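Structure record follows, encoded as structure tokens.
The values are calculated or read from the model by the stated rules, or taken from the named source; none is laboratory data. Because the structure is a prediction, the values reported are computed rather than measured. Neighbour counts are summed over all protein chains in view; Cβ atoms, including those assigned to glycine, are modelled from backbone coordinates with ideal geometry. Heads up: the accessible areas ignore ligands, DNA and RNA and are worked out on the full protein's heavy atoms, side chains in. Shrake-Rupley method; radii C 1.70, N 1.55, O 1.52, S 1.80 Å.
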Amino acid sequence: MSSQRSVEAVIAPPPPHMVGDGFRVHNFFPGTKQIGKTRMSPFFMLDYGSKIDFSPKDEPRGVGVHPHAGFETVTIAYHGKVAHHDSAGNSGIIGEGDVQWMTAGLGLLHKEYHEEEFSKKGGPFQMVQLWVNLPAKDKKTKPKYQEITNSKMGRYNLPGEKGFVEVIAGEYNGVKGPATTFTPIHAYNARLKKDAKLDLSFPKEYNTGLLVIEGNVKVNGINVHADHFVLLKNDGEDLSIETTEDSIILILSGEPINEPIVAYGPFVMNTWEEIEKAIDDVNAGKFGVLAD
Ligand code: MN
């Protein structure tokens, strides 16, 4: 028998910090005491760039060349566009409503910045960067990208034209998302009209949370404003979201990876030896070369 999953915490956006000069983000985890490094496993980090206006600039703002290894970065653009280049020669643009699912795996160098035309025009910018941990057996997987443009996402339409659920990964009501993942994950953007009701159900042991990107919702009856993160308890399967305004909600649920985590800067590993190895590999040029 399924049962209601209760709210563990509603977390206000922590004070923002800059990542490079292009990303002003609120770190909901691992930096908050309510969540830390493991409470949302397999999700390790959530940086949220709440909506701000950037002034026009010819030279795009962003973050310069840096490595990643041992996990996946998932970039979700809500307003504005993000461009990237990496040491394997890949590059691309993440447009509004699109997602890039990058598997860093054994390691790469990349840089991320505002897309050139967006930078020249300026305007509202809002995005999420999520780090999804990899299980030990897959940490050395080859780097890869999944460009999940909005049209590739699964779409579940609510009855009565109350909006829809974009399925990025996993499955909602029989509608599957295109992302392939190393461990079981559900990731959705719910784009709902005012007075919509969305019912969700995830296995009890799956760590589950949601971020209100726009609007205002009630989660199991508890009022939640935009830019707040809701952490759900693992005490049941079901939850319901009701909107009191037109709303966008990022919904995340995944099977925890119950392995030790040692994280240092842009590396998420199982042991300190692996962190030291990754640093040595970067210094030895094994992550490739990328110009500024
Ligand atoms: Mn990065």
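In whole percent, and with a 1.4 Å probe on the protein chains, what portion of the accessible area of the range 7-283 is carbon and sulfur?
Accessible surface attributable to carbon and sulfur in the range 7-283 totals 51 percent.
Applying the Karplus parametrisation 6.51 cos²θ - 1.76 cosθ + 1.60 with θ = phi - 60° to the phi angles of the range 98-103, what ³J(HN,Hα) value in whole Hz is obtained for each residue in order, glycine and proline being reported as x?
So the J values, rounded to whole Hz, are 9, 10, 10, 10, 9, 8.
Are there trypsin sites (Lys or Arg not before Pro) in the range 122-185 that DSSP puts in a loop and that have at most 14 other Cβ atoms within 10 Å, and which ones?
Passing both the DSSP loop test and the Cβ count: LYS140.
Using a simple spin-label model with points 7 Å from Cα along the Cα→Cβ vector, what separation in nm is obtained for ILE93 and LYS120?
Between ILE93 and LYS120, the label points sit 1.1 nm apart.
Taking the Cβ-Cβ separation of SER151 and THR244 as r and a Förster radius of 30 Å, what is the calculated FRET efficiency to the nearest 0.05?
FRET efficiency, SER151 to THR244: 0.50.
Enumerate by residue number the trypsin sites (Lys or Arg not before Pro) in the range 2-89 meeting two conditions: DSSP loop (anything except H, G, I, E, B), and at most 11 other Cβ atoms within 10 Å of the site's Cβ.
Here the sparse-neighbourhood loop sites are LYS33.
Just to confirm, what accessible area per residue do you get for the chain at 1.4 Å probe, in whole Å²?
Each residue of the chain exposes 42 Å² on average to a 1.4 Å probe.
Post the alpha-carbon centroid distance, the range 214-292 to the range 178-212, in whole angstrom.
Computed from Cα coordinates, the inter-centre distance equals 13 Å.
Between their Cα atoms, which of LYS162/LYS218; LYS37/LYS286; LYS139/LYS286; LYS162/LYS194; LYS140/LYS204 are more than 19 Å away from each other?
The pairs that break the limit, which is 19 Å between Cα atoms, are LYS37/LYS286; LYS140/LYS204.
Given charges of +1 on the Cβ of Lys and Arg and -1 on the Cβ of Asp and Glu, with all other atoms neutral, how large is the dipole of the chain about its Cα centre, in debye to the nearest 20? Please list the in-between numbers first.
Details: 30 positive and 38 negative charges, 50 e Å.
Magnitude of the dipole: close to 240 debye.
Using a Förster distance of 30 angstrom, determine the FRET efficiency expected from the C-beta separation of LYS233 and THR271, and round it to 0.05.
Working: r = 31 Å, r/R0 = 1.02.
The computed FRET efficiency comes out at 0.50.
Give me the dipole magnitude in Debye, nearest 20, for the range 25-161 about the Cα centre, with unit charges on the beta carbon: positive for Lys and Arg, negative for Asp and Glu.
So the magnitude is around 600 debye.
Report ³J(HN,Hα) in whole Hz for each residue of the range 194-210, in order, from the Karplus equation J = 6.51 cos²θ - 1.76 cosθ + 1.60 where θ = phi - 60°; Gly and Pro get x.
Calculated HN-Hα couplings, in order: 4, 6, 8, 10, 10, 9, 10, 8, 9, x, 3, 7, 5, 6, 9, x, 8 Hz.
Could you give the nm distance between label points at VAL63 and GLU161, where each point is 7 Å from its Cα heading toward the beta carbon?
The answer from the label model is 4.1 nm.
Answer with one residue from THR243, ALA12, PHE28: the one whose Cα lies farthest towards the positive end of the charge dipole of the range 7-283, charges on Cβ with Lys, Arg +1 and Asp, Glu -1.
Result: THR243.
Does the chain come out rounded, prolate or oblate by the C-alpha gyration tensor, with a ≥ b ≥ c the root eigenvalues, rounded set by a/c under 1.5 and, if not, prolate when a/b is larger than b/c and oblate if not?
oblate
For a quick check of understanding: with a 1.4 angstrom probe and all protein chains in place, what accessible area in square angstrom does LEU210 have, to the nearest ten?
Looks like 0 Å² after rounding.
Quick check: residue separation of ALA284 and THR180 times 0.36 nm, minus the Cα distance between them. What number comes out in nm?
So the extension gain works out to 34.3 nm.
Net charge within 12 Å of ALA190 by Cβ-Cβ distance, Lys/Arg positive one each and Asp/Glu negative one each, not counting ALA190 itself?
Details: positive: ARG155, LYS162, ARG191, LYS193, LYS197; negative: GLU166, ASP199, GLU214, GLU242, ASP246.
Once all neighbours under 12 Å are counted, the net charge is 0.
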